[in-house]
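Input: a single structure, listed below in structure tokens.
The values are calculated or read from the model by the stated rules, or taken from the named source; none is laboratory data. The shown structure was predicted, so the numbers you read here are calculated from the model rather than taken from an experiment. Cβ sites come from the backbone with ideal geometry, for glycine too, and all protein chains shown count toward neighbours. Side chains are part of the model used for accessible areas, which takes the heavy atoms of the whole protein and leaves out ligands, DNA and RNA. Shrake-Rupley method; radii C 1.70, N 1.55, O 1.52, S 1.80 Å.
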Amino acid sequence: EVTFHERLCPGGVSWIGAPLGVGRDWETPAHQVKISGPLWCAETAVTQVLWMEIMGDNPSSYLEDENPVESVSWYSAVQFCNRLSKRLGLSPVYRFSEDGRALRQTTASGFRLPTEAEWEHLARGGLDRSYAGSNRPEQVCWSIEESEYHPHTVAAKNPNAWGLFDFSGNVWEWCEDYFVEDAYRKRLGIFTDPCVQSPPHGIKVSS
């Protein structure tokens with residue numbers, strides 16, 4: 001039996017992005033967003049054993065059941081959400097349009113990826129820390145040097161204040177938004193639940 005755990009996390013107003021001169025250009029400017037929440041969020045990244053149970057394969061380069069799955073495309077990630085939803089008797093969140101968009105069904109009860117704003121809100125856990133849960137990286141995240149350039153078992157470090165693990169380090173994680181380089185620069189004021197829902201370059205996908 002494959003299990004995973006979720007946490008109910010509060011909504012609220014959070015700062016996301018990076019100050020000018022810090023990070024990449026497309027991560028600036030830092031700005032506030034309102035997450036209407038609350039949000040259910042899995043405590044850890046999707047493990048390889050859960051991915052195999054739902055998808056039937058394992059694309060990861062470093063094979064270990066309790067490691068996070070990696071080498072996964074964005075479209076595979078949203079398909080995983082739909083299949084997991086069906087497995088647990090929930091309605092799938094995503095349907096795929098002819099022009100390649102994965103459209104969210106707002107009344108669906110199933111699983112989805114967090115938006116970029118939601119991801120940063122969840123990572124901060126209601127606190128202003130340099131890393132997700134602490135100002136000391138060794139407590140909460142796998143740095144490149146410490147990890148020896150490969151993923152590690154989920155939840156091996158401390159969680160943040162909301163009980164969520166590995167929001168800093170270990171593996172890159174997909175968000176629901178499509179990447180648009182100037183998205184942050186177009187936001188003025190406090191945006192509520194922002195999400196970039198149009199794919200660039202007319203990407204096509206089959207469901």
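The table that follows gives values for the structure above.
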| item | result |
| --- | --- |
| Count of segment 26-37 residues which are farther than 20 Å from Gly11 by Cα and either in contact with a Gly (Cβ under 8 Å, 6 or more places away or on another chain) or open to solvent by less than 50 Å² (accessible area, probe 1.4 Å) (or both) | 3 |
| Test: Ala132 is more than 12 Å from the chain's Cα centre (by Cα), without any contact (Cβ under 8 Å) to a residue 60 or more places away in the chain and surrounded by 14 or more Cβ atoms within 10 Å (Cβ to Cβ) | yes |
| In segment 135-176, the residues that are surrounded by 17 or more Cβ atoms within 10 Å (Cβ to Cβ) and of a type in the set (Asp, Glu) | Asp166, Glu173, Glu176 |
| Any hit, segment 66-79, residues being touching a Ser or Thr at 6+ places or on another chain (Cβ under 8 Å), open to solvent by 40 Å² or more (accessible area, probe 1.4 Å) and at pLDDT below 95 | no |
| Cross-chain or 6+ apart pairs with Cβ under 9 Å, segment 155-177 first and under 12 Å from His121 (Cβ atoms), then open to solvent by less than 50 Å² (accessible area, probe 1.4 Å) and among the polar types (S, T, N, Q) | Asn160/Ser134; Asn160/Ser168; Leu164/Thr44; Phe167/Asn160; Cys175/Thr115 |
| Count of segment 177-203 residues which are under 16 Å from Glu98 (Cβ atoms) and either loosely packed, with under 10 Cβ neighbours inside 10 Å or modelled with pLDDT of 85 or more (or both) | 2 |
| Matching residues, segment 38-64, being over 13 Å from the mean Cα position of the chain (by Cα), over 12 Å from Thr3 (Cα atoms) and open to solvent by 30 Å² or more (accessible area, probe 1.4 Å) | Pro38, Met52, Met55, Gly56, Asp57, Asn58, Pro59, Ser61, Tyr62, Leu63, Glu64 |
| Any chance Arg87 is open to solvent by 20 Å² or more (accessible area, probe 1.4 Å) and out of contact with any helix residue (DSSP H, G or I) (no Cβ under 8 Å at 6 or more places or on another chain) | no |
| Qualifying residue in segment 101-124 (condition: of a type in the set (Gly, Ala, Ser), crowded, with 21+ Cβ neighbours inside 10 Å, under 21 Å from Glu43 (Cα atoms) and modelled with pLDDT of 95 or more) | yes |
